[in-house]
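Below is one structure, written out as structure tokens; the observations come after it.
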Amino acid sequence: KKECYGALVYDTEEKKNKAYIARATILATGGAGQLYKYSTNPDVATADGMAAAFRAGSSLVDMEFIQFHPTVLYSHDTQRFLISEAVRGEGGLLYNKKGERFMSKYHALEELAPRDVVSRAIVNECAQLGSEYVYLDMTVIPNVEKRFPNIFNTCLKRGIDIRKDYVPVSPAAHYTMGGIATNTKGETDIYGLYACGETACTGVHGANRLASNSLLDGIVFGQRIVDNAEEILYRRTIDKDEVFNSFEPSWVLKPHGHISPQEARPLLQTIMWENVGIIRDETSLKKANYMIENLYNDLAQGESIIDYYEIVNMLTVAKIVVQGALWRKESRGGHYRSDYPYRDDIHWAKHMSFTNC
Ligand SMILES: Cc1cc2nc3c(=O)[nH]c(=O)nc-3n(C[C@H](O)[C@H](O)[C@H](O)COP(=O)(O)OP(=O)(O)OC[C@H]3O[C@@H](n4cnc5c(N)ncnc54)[C@H](O)[C@@H]3O)c2cc1C
């Protein structure tokens, strides 16, 4: 079995590469939301842990399952403000550009349908009516400003008073169901390497995480790793000289093109948003595959080493998301193919995992 002896890191304060030798190494670097032009995720959600684990020989699993949150405050920012489902749970309603409620056309639960259904419905309404957003009506919720003070204040700062105005919303990438394959103890397929939180995939979220389960996931599996890692800390010995002697500098990534990381990042985010987003098909996925490959080959290191590492990681993981989405010829949870719109349990009730050979 492969073994992990620690991590190679770049220290941003000292501006130095460093090697940490460790008996147990835990990846908890969050999801891959920044792969997309519009996301609820912070800037740091660049899939670093997934890419590092993949390079080290660990498997990534279920990567085609990306969850898009349907009601995110419309803006041109990459990182967008999420308007919680609880708003619709309390009676918030969706209207299209013509002022019509539309969710009854798509699902019996209307506004309370699953996230992927509501996201696709919004995309469909926008495409049909030539708009970039639909409206969320919260005026129907009594004391809405007290029940949702954060949403109230954020919208107010943007000139929207949720007590009387409709709020423009559209979907954005929100959660990565896939990740580094782990068992329920947080162990990866590399001895000494653990992963938890959004970067990991135990499979508990299936193809479509339910709201609020990811914080629970982080707490449960994070704690299990700590409990189990105690054993490895006592049992394992590492010979530092042997580790350093076996290290091959050729593992370190080398840039070879002319597109800077700052240029490449928005290009990748647009490719992913337009071709590997809420609705995919074979043509769009093949196009994305080709464009990502070219971007990868044309990448230059640029001025900032962190930006460079991040875009390499994003490209690495994006390629896997695209490949998984291309191979999975059905629709399930967060993965919707317009050319294979139905769930196909006979052929596809299974996971796909990717390992660097
Ligand atoms: C707006 C929003 C609302 C949400 N609401 C809910 C909710 O109500 N309930 C729920 O269950 N889930 C919710 N989620 C999902 C949940 O917040 C995340 O899945 C969860 O926070 C992931 O936790 P994590 O510890 O795995 O990663 P994160 O919380 O993303 O933490 C990852 C950390 O790793 C650091 N990091 C990343 N890369 C590197 C690197 N290369 N080197 C060093 N450090 C690195 C980051 O800076 C960050 O500190 C929400 C998510 C968003 C975006």
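Observations
- Residues in the range 42-67 that are within 13 Å of the ligand (Cβ to nearest atom) and open to solvent by less than 10 Å² (accessible area, probe 1.4 Å): ALA45, THR46, ALA47, GLY49, MET50, ALA51, ALA53, ILE66, GLN67.
- Scanning the range 273-326 for residues being among the β-branched types (Val, Ile, Thr), part of a helix (DSSP H, G or I) and surrounded by 15 or more Cβ atoms within 10 Å (Cβ to Cβ) gives a total of 8.
- Verdict on ASP298 being in the same structural domain as LEU267 (by TED's automatic domain parsing), free of Cβ contacts under 8 Å to residues at least 60 places away in the same chain, acidic (Asp, Glu) and within 16 Å of the ligand (Cβ to nearest atom): no
- Neighbours by Cβ (under 6 Å, 6+ apart or cross-chain): first from the range 307-331, farther than 29 Å from PRO341 by Cβ and in contact (Cβ under 8 Å) with a residue 24 or more places away in the chain; second open to solvent by 10 Å² or more (accessible area, probe 1.4 Å) and within 16 Å of the ligand (Cβ to nearest atom): ILE311/ARG265; VAL312/LEU253; ASN313/ASP48
- Every test in (1) surrounded by fewer than 19 Cβ atoms within 10 Å (Cβ to Cβ); (2) at pLDDT 95 or above is passed by ASN356 save one, and that test is (2).
- Positions within the range 128-147 being loosely packed, with under 14 Cβ neighbours inside 10 Å, assigned to a loop (DSSP other than H, G, I, E, B) and of a type in the set (S, T, N, Q), in sequence order: ASN143
- Filtered by the rule that a residue be without any contact (Cβ under 8 Å) to a residue 24 or more places away in the chain and not hydrophobic (A, V, I, L, M, F, W, C), the range 18-62 gives LYS18, TYR20.
- Residue ID - surrounded by the most Cβ atoms within 10 Å (Cβ to Cβ), chosen from residues in the range 168-220 that are small (Gly, Ala, Ser) and part of a loop (DSSP other than H, G, I, E, B): GLY178
- Qualifying strands (runs of 3 or more DSSP E) (wholly inside the range 12-120; at least 2 residues being more than 25 Å from the chain's Cα centre (by Cα)): 16-21, 93-95
- Only listed residue being at positive phi and free of Cβ contacts under 8 Å to residues at least 24 places away in the same chain, chosen from ASN153, ASN143, ASN124: ASN143
- Flag for GLU263 being closer than 19 Å to VAL317 by Cα and without any contact (Cβ under 8 Å) to a residue 12 or more places away in the chain: yes
- Which listed residue, of ALA181, ALA200, ALA172, is aliphatic (A, V, I, L, M), over 26 Å from ALA19 (Cα atoms) and within 23 Å of the chain's Cα centre (by Cα): ALA172
- Of the residues making up the range 223-246, those that are part of a helix (DSSP H, G or I) and in contact with a strand residue (DSSP E or B) (Cβ under 8 Å, 6 or more places away or on another chain) number 6.
- For the range 13-25, taking the residues that are of a type outside the set (D, E, K, R) and open to solvent by less than 80 Å² (accessible area, probe 1.4 Å), the one that is nearest to the ligand (Cβ to nearest atom) is identified as THR25.
- Looking at ALA195, ALA173, just one residue is farther than 26 Å from GLU3 by Cβ and either modelled with pLDDT under 95 or touching a helix residue (DSSP H, G or I) at 6+ places or on another chain (Cβ under 9 Å) (or both), and that residue is ALA173.
- Output for the range 191-219, where each listed residue is more than 10 Å from the ligand (Cβ to nearest atom) and at positive phi: GLY192, GLY203, GLY206
The values are calculated or read from the model by the stated rules, or taken from the named source; none is laboratory data. A quick note: this is a predicted structure, and the numbers were derived from the prediction, not measured. Counting neighbours? That spans all protein chains shown, and the Cβs are built from the backbone with ideal geometry, glycine included. Calculation scope for accessible area: heavy atoms of the full protein, side chains included, ligands and nucleic acids excluded. Shrake-Rupley method; radii C 1.70, N 1.55, O 1.52, S 1.80 Å.
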